[in-house]
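What follows is a single structure, written as structure tokens, with notes after it.
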Amino acid sequence: MRAAVFRAPGEPLAIEDRQRPVAEPGDLVLKVAYVGICGSDLHATEPGPMPLPGGVVLGHEFAGEVAESSSPDWRVGDRVIGVPLRECDECRPLGECRDKLGILCGRNRIIGLSTAAPGAYAEYVQLGAKQALRVPESVGLKEAALTEPLAVGAHAVRIAGSLYGARVLVVGAGPIGLAVIAFARFAGARAVAVSEIDATRRERAVHVGATALLDPSSDEIGPAFAGAAGGPPDVIFECVGAPGLLRDCMALAPIHGQIVVVGVNRGEDTILPRVGIRRELAIRFALGYTREDFALVLDLLGSGRIDASIFISTVIGFDQLPDMFERLRRPNPHAKVLIDPSL
């Protein structure tokens, strides 16, 4: 089968022939229909304190059809998305983490971010049957491939607690920021403003529920947010991960404000703790999702309450992938770029 393989930082992805996976006991093999390029893929393939080893097949945002099943619960042709986790060898007979920690368990491997768990930048991908979820008949596989990034947004909003009537600021309108905007509105926020430097991304945010659009290159965010929302932000979601943004969010937050850190800054950063202390700020870090977040997203997609097509910028094949992957490292107007391995 064809697969896109990471070799080393600074090198483009290599399209290679790899052996097709087989369905071991308790496993499925999916024929990949669509897989998304995630910011985590881009960050993981850059130089850093925890470099990704060469030889990894990336891809953890995928949807497809069962091509081979070793589980009585799934048949060939079933349409599936999966929580992209591979349990450790000790938990393998159970098919899931024995401690129910999911993505938080340090022994788990994330599919597409480990040589031991090849991802879906390929024609086929192996998945544990207990990590699979059925795609509703009313949802296309292209839209279903957005379940993973949408689940990240759902999880971030869930751990923020009640947003009913809250004023919310979302920093960044990439795919995760858009997902947070959508779920903040579902959670009852009265105002959801987005701070985003790219005009295309700002306009896209309107279609998922943003009530105000702020441009940090020209607006002074604190006063601009207060003018649009009627007061300071009760909750700030940092969805970029750039150095210095957490410190900026702390400066914007009011007394007893809350900051939820969703963006991944892979390097060191600095904050002024005294700012947080004087305002008794609550800072919460969000990692990934749970299976329940995936199920919620599928229900909302199936009922038409989320239009995932808004999140999709373009669909490419393997021939375009190496160049597109490198271009996405730079500032760009894209939301989600999907790969169709059949192209």
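Quick note: the coordinates plus some simple rules give every number you see, no bench work behind them. Bear in mind that the values here come from a model prediction, so they are computed numbers and not experimental data. Here the Cβ positions follow ideal geometry from the backbone for every residue, glycine too, while neighbour counts run over all protein chains shown.
Couple of notes before you dig in:
- Taken about its Cα centre, segment 22-168 carries a charge dipole of about 420 debye when Lys and Arg each add +1 at the Cβ and Asp and Glu each add -1 at the Cβ.
- Least to most buried among M250, M324 (fewest other Cβ within 10 Å first): M324, M250
- Contour minus Cα-Cα distance for R247 and S218 (0.36 nm per residue): 8.5 nm
- Between segment 295-343 and segment 77-117, the Cα center-to-center distance that results, in Å: 23 Å
- One decimal place: the segment D340-L104 gains 82.0 nm when fully extended, by the rule 0.36 nm per residue minus the C-alpha distance.
- Volume per residue of the C-alpha convex hull in segment 233-273, rounded to whole Å³: 60 Å³
- In this Cβ point-charge picture (+1 for Lys and Arg, -1 for Asp and Glu), the chain has a dipole of about 640 debye about its Cα centre.
- Its Kirkwood hydrodynamic radius, worked out from the mean inverse distance over all distinct Cα pairs, puts segment 217-256 at 10.9 Å.
- In segment 150-285, the ratio of gyration radius to Kirkwood radius, Rg to Rh, stands at 0.92 when only Cα atoms are counted.
- Computed FRET value (nearest 0.05) for E280 with H43, which takes r as the C-beta separation and R₀ as 35 Å: 0.65
- Order of D248, D41 - criterion: other Cβ atoms within 10 Å of each residue's Cβ, fewest first: D248, D41
- Here the scattering of segment 42-86 is modelled by Debye summation over its C-alpha atoms, one equal scatterer each and no solvent; at q = 0.28 Å⁻¹ the log10 of I(q)/I(0) is -1.09.
- Antiparallel DSSP beta bridges within the chain, percent to nearest 5: 55 percent
- Less than 5 angstrom separates the built amide H of R284 from those of I259, V260, V261, all sequence-distant by 5 or more or on a different chain.
- P(r) tail for segment 1-81: Cα pairs beyond 19 Å make up 47% of the total.
- Of all segments of the chain bounded by trypsin sites (Lys or Arg not before Pro) found in a DSSP loop with no more than 10 other C-beta atoms within 10 Å, the longest spans 101-304.
- Hull shadow area, averaged, the chain [alpha-carbon convex hull, nm²]: 16.6 nm²
- Convex hull projection area averaged over all views, segment 98-182, Cα basis, nm²: 8.2 nm²
- Summarising the label geometry, the points placed 7 Å from Cα in the beta-carbon direction at R305 and A8 lie 5.0 nm from one another.
- Label-to-label distance, nm, for residues given as Q19 and V315 (7 Å Cα→Cβ offset): 3.2 nm
- Applied to segment 258-271, the Karplus parametrisation 6.51 cos²θ - 1.76 cosθ + 1.60 on θ = phi - 60° returns per-residue 3J(HN,Hα) values of 10, 10, 10, 8, 10, x, 9, 9, 7, x, 6, 9, 10, 10 Hz, with x for Gly and Pro.
- Loop-located GluC sites (Glu not before Pro) in segment 1-103, at most 12 other Cβ atoms within 10 Å (DSSP): E90
- Computed from phi, the 3J(HN,Hα) profile of segment 292-305 under the Karplus parametrisation 6.51, -1.76, 1.60 (θ = phi - 60°) reads 5, 5, 4, 4, 4, 4, 4, 4, 5, 5, x, 8, x, 7 Hz, with x in place of Gly and Pro.
- Among V240, V206, the ranking by other beta carbons within 10 Å of each residue's beta carbon, starting with the fewest, stands as V206, V240.
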